[in-house]
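Presented below is the structure to which this report refers.
The values are calculated or read from the model by the stated rules, or taken from the named source; none is laboratory data. For clarity, every value in this text was computed on a predicted model and none was experimentally measured. Cβ placement follows ideal geometry from the backbone for every residue including glycine, while neighbour counts extend to all protein chains displayed. Ligands, DNA and RNA are stripped out before the accessible areas are found, and what is left, the full protein with its side chains, is counted by its heavy atoms. Shrake-Rupley method; radii C 1.70, N 1.55, O 1.52, S 1.80 Å.
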Amino acid sequence: MRLLGMAGHDMLDGWQPAPLGALALMFVVTGVPHFLPSWRRDFVAMFSANVLAARRGLTLAGKPVTPLLARTALQVLFVAAAVAAAV
């Protein structure tokens, strides 16, 4: 399936362009807080709240939050995806 083209390339047309686009979006979303101090404060608070929720075993809508070990494994997976997209 061909989606919008950009600079002569079909975006998301194959397994490697899709993670590259996702990686670029991830860098934009995580990079913005470096230039907007109010966002930086919110991102740091969000991380702290996630760690605290995992350690306390809190629930969301009656379901337990993702355990800290699983959250860490997800982060490793995201980094691996970034490396795979860059290769």
Here the residues within region 68-81 that are within 10 Å of the chain's Cα centre (by Cα) and in contact (Cβ under 8 Å) with a residue 24 or more places away in the chain are PHE78
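Of these, ALA24, ALA82, ALA49, ALA53, which one is modelled with pLDDT under 75, assigned to a helix (DSSP H, G or I) and open to solvent by less than 60 Å² (accessible area, probe 1.4 Å)?
Numbers: ALA24 fails: modelled with pLDDT under 75; ALA49 fails: modelled with pLDDT under 75; ALA53 fails: modelled with pLDDT under 75.
ALA82 is the lone residue from the list that is modelled with pLDDT under 75, assigned to a helix (DSSP H, G or I) and open to solvent by less than 60 Å² (accessible area, probe 1.4 Å).
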